[in-house]
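Notes to accompany the following structure.
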Amino acid sequence: HMSSYENVTIERHGPVALVRFDRRGARNAFNQQTIVELTDVARRFQDDLETQAVVLTGTREAFSGGIDLKERASRAVTAGTDLELRQVYYRGVKLCQAWEDMPQITVAAIEGMAVGAGVALPLALDWRVMGKDAFLYVPEVKIGINLQWGALPRLITLVGPARAKRICILCERMGAAHALDWGLVDEVAEDGHVVEKAMELASAAASMPAPAVRMVKEAVNATANALHKVSAYADADQSQLSTNFRSAQDESDKFVKGKR
């Protein structure tokens, strides 16, 4: 059943699973199908007692260039009812929540670039490993919209409020050394060896007594994330609202045409 995905593959290495998603082009952007497939994968791991750690990676060129903006621009036209449109906007929120709720230790392996939603998803995992020449970039505000997918509280919890504001409001591209210094990532690896390094971390976690690992992960998440949903519960509604701002439409057009 694991081969039924179009953009996602799962490899098992004993107690560690490696999940890759690959759009085959488009800077590995998240289209709806990829989001739905990755959400399904996370939910399948919920009841898996054999797998103790999961590494998530994109491609060597890009973890992900973010949400598929061309697809996003056509949402209001293609969605149908208000409820259907809202459901589409909340898919990314549900994707990140599903990965955060996994009982296994989860490690993101980031090569090339992680942009926007491509930063939001790794924030929902336990640890992040980044390639030396990779960069992170959160351009939502530059396009005139808010950061959603539940990412803002997770970011604040990791780096603190002032740094979260800098990352999101100034939209600065952040290299690996900077990201490591700010606690946004946990390890930096040589380019091309990021998955390897992430697999090492995952294997180390998987070698520990599993019930205790799961208990501690749940306890840490319960404490650190206690108020996350309260502060971000409407972020996708805000995203739908801010998409309709004139400034957002102007900037998004430039972005889609490759001018930013």
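Structure notes:
- Cα Rg, Dmax, region 196-260, angstrom units: 20.5, 54
- Fraction of antiparallel bridges per DSSP, the chain only, in percent to nearest 5: 25 percent
- For region 1-64: rounded, prolate or oblate by the Cα gyration tensor [a/c cutoff 1.5]: prolate
- Model label zone, residue 249; criterion: amide N under 15 Å from point 7 Å along Cα-to-beta-carbon; scope region 45-74: 73-74
- C-alpha center-to-center spacing [region 164-180, region 238-257] in angstrom: 22 Å
- Over the chain: Kirkwood hydrodynamic radius from C-alpha pairwise inverse distances, Å: 18.5 Å
- DSSP-defined beta bridges in region 1-69 - what % are antiparallel, rounded to 5: 50 percent
- Label-point separation in nm, residue 173 to residue 49, each point 7 Å along Cα→Cβ: 4.9 nm
- The alpha-carbon atoms of region 148-260 define a convex hull whose volume equals 148 cubic angstrom per residue.
- Considering only beta bridges that DSSP places wholly inside region 9-163, some 20 percent are antiparallel.
- Ordering of 106-115, 13-22 by packing [mean C-beta count within 10 Å, highest first]: 106-115, 13-22
- Percent of Cα-Cα distances greater than 11 Å, calculated over region 33-78: 77 percent
- For the chain, adding -39500 (n - 2.57) for each run of n ≥ 4 DSSP H residues and dividing by the number of residues yields -13000 deg cm²/dmol at 222 nm.
- Pairs exceeding a 30 Å alpha-carbon distance, out of 142/217; 70/229; 132/217; 165/217: 142/217.
- Distance from region 24-91 to region 99-126 (C-alpha centre basis), Å: 12 Å
- Ordering 151, 122, 87 by Cα displacement along the dipole of region 64-209 toward the positive end leaves 87 in first place; charges were set at the Cβ atoms of Lys, Arg (+1) and Asp, Glu (-1).
- By the compact-protein rule of thumb, 2.2 N^0.38 Å, the alpha-carbon radius of gyration of region 1-125 corresponds to a ratio of 1.04.
- Residues whose placed amide H lies under 5 Å from that of residue 54, excluding near-sequence neighbours: 17, 105, 106, 107
- Label-point separation, residue 191 to residue 227 (7 Å along Cα→Cβ), nm: 4.1 nm
- 22 Å tail of the calculated P(r), region 94-196, as % of Cα pairs: 23 percent
- When restricted to Cα atoms, region 139-184 yields an Rg and a Dmax of 10.3, 28 Å, respectively.
- Relative to the dominant Cα principal axis of the chain, helix 210-224 is inclined by about 30°.
Each reported figure results from applying straightforward, stated rules to the coordinates on display, with no laboratory input. In this text, all values refer to a predicted model and were calculated from it rather than measured experimentally. No Cβ is skipped: glycine too gets one built from the backbone with ideal geometry, and neighbour counts run over all protein chains shown.
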